[in-house]
Amino acid sequence: MFVVPLPLPSFSRIEKLYMPRIRRYERALVRMHKELENLFAEQDLKVTIKYRVKSLKNLYEKLCRRLPSLPAGTLHIIPTDLMGMRIVCPFLSDIDTAARLIETRFSVTEKEQKGADLGFKEFGYESLHFLISCPETIRDKEKLSPDTVIEIQVRTLLQDAWAEVEHRLIYKSEFSPLDEPLKRRLAALNANLTLSDIMFQEIRDYQETLHDQLRQRRHAFWSKLNVLEDSPFSMEEEEKGDRQEGPVPRNNDERLLEALLAHNEGDLERAVEIYNVILENELRRDLRSIVYVHRGMAYFTKDDLAAAERDFSQSIGEDPENSKGYLYLGLVKAVQQEYTAAFDNFDQALIHDPFSQDALLERAKLFHKIGDIVSCSSDCRRILDINPENKKAQELLEQV
């Protein structure tokens with residue numbers, strides 16, 4: 001730990017005390033950066049990590065600023081931000097994840113939420129600050145004292161942008177506290193950035209919920225396909241769950257999410273009802289194509305192959321480049337044992353998405369069914385070139 005005696009020594013004296021440490025601090029931060037990178041990569045947390053050693057000039061300026069606020073009789077100052085790291089997160093929820101990982105992995109000596117005490121008319125940046133003990137392995141390699149600490153700041157991209165600008169506009173300028181118009185403008189800017197952070201998080205939460213529902217719906221679709229492939233096709237509709245009555249949501253985002261929820265809960269009538277409402281609205285053709293695919297999958301799960309076929313065909317009509325429309329239409333044709341039409345649609349799906357593992361696998365299964373082992377093996381190997389861990393392709397290749 002770097003201790004500055006009081007009265008404050010001259011700049012040249014501080015220089016002699018501090019400069020020999022800078023190179024060791026820099027090497028320590030390089031090692032710490034790598035350790036944090038590995039820690040966040042383990043949890044698949046996408047962040048930007050910055051680091052710096054405080055310059056001599058900035059250190060001396062800060063020491064001079066602190067002097068007037070020190071209690072009488074203070075014998076020394078111990079700067080705790082000589083080694084600083086900043087973890088910049090895309091979203092607010094990433095801050096909690098990063099903080100949890102830091103507290104789990106390192107010895108935290110201090111934790112503070114900067115900006116938490118500001119009133120609504122005040123401006124300033126929010127950031128989560130940690131002081132951690134420099135890890136022993138790093139201290140030993142760089143010959144640092146056991147009480148060496150590193151400051152780590154965790155903030156979002158927008159908080160980081162605000163902090164950088166605020167540092168130059170206010171912290172390092174002759175900003176007058178009596179300049180009320182400027183204070184109001186800065187407060188408004190800070191409020192907009194804070195609101196933007198919240199909105200970005202809400203959009204992310206919505207997308208994650210939507211993607212989760214899409215994954216569940218897709219799983220249900222493929223499970224239904226496996227049943228149809230393994231048993232005689234039945235036109236009898238299965239009743240899955242109790243229908244949830246309720247108003248249809250007002251905007252298309254909410255409607256789509258509600259339809260997917262109903263779909264995943266087995267309430268297919270409700271799902272189709274909401275898809276119908278969405279399709280009654282003005283939509284871009286590519287979006288209509290997507291909704292037709294969703295509704296077609298619901299009809300498919302209901303065993304209504306005729307309606308599913310119409311929707312998948314309509315999806316292609318709305319967007320001739322929608323590879324999913326061709327894929328699912330090919331699946332319907334395959335279930336109906338119309339193999340030539342099925343092959344045509346799988347081929348079209350692959351023209352528009354050459355890396356579609358689903359289209360390649362379904363075509364390979366169809367080749368296997370008609371006894372074309374060479375083509376089946378070729379498609380399986382193409383899949384494994386794209387994804388060597390595709391278990392279904394591995395199993396089918398082993399069979400042939």
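Where a number appears in this text, it was derived from the coordinates with a stated rule and is not lab data. Since this is a predicted model, take the numbers as computed values, not measurements. Note: ideal-geometry Cβ built from the backbone for every residue, glycine included; neighbour counts use all protein chains shown.
Structure data summary
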{"item": "Nitroxide proxy distance, nm - points 7 Å out along Cα→Cβ at L384 and K111", "result": "4.8 nm"}
{"item": "Cross-link table K34/K141; K333/K369; K62/K143; K16/K57; K16/K54, entries beyond 19 Å C-alpha to C-alpha", "result": "K62/K143"}
{"item": "Share of Cα-Cα pairs in the range 1-115 lying beyond 24 Å, as whole percent", "result": "40 percent"}
{"item": "Cα centroid separation, the range 337-351 to the range 1-65 (Å)", "result": "63 Å"}
{"item": "FRET efficiency estimate (nearest 0.05) - Cβ-Cβ, K392 to S196, R0 41 angstrom", "result": "0.45"}
{"item": "Estimated FRET transfer efficiency when R0 is 30 angstrom, pair K143-D96 (beta carbons, to 0.05)", "result": "0.25"}
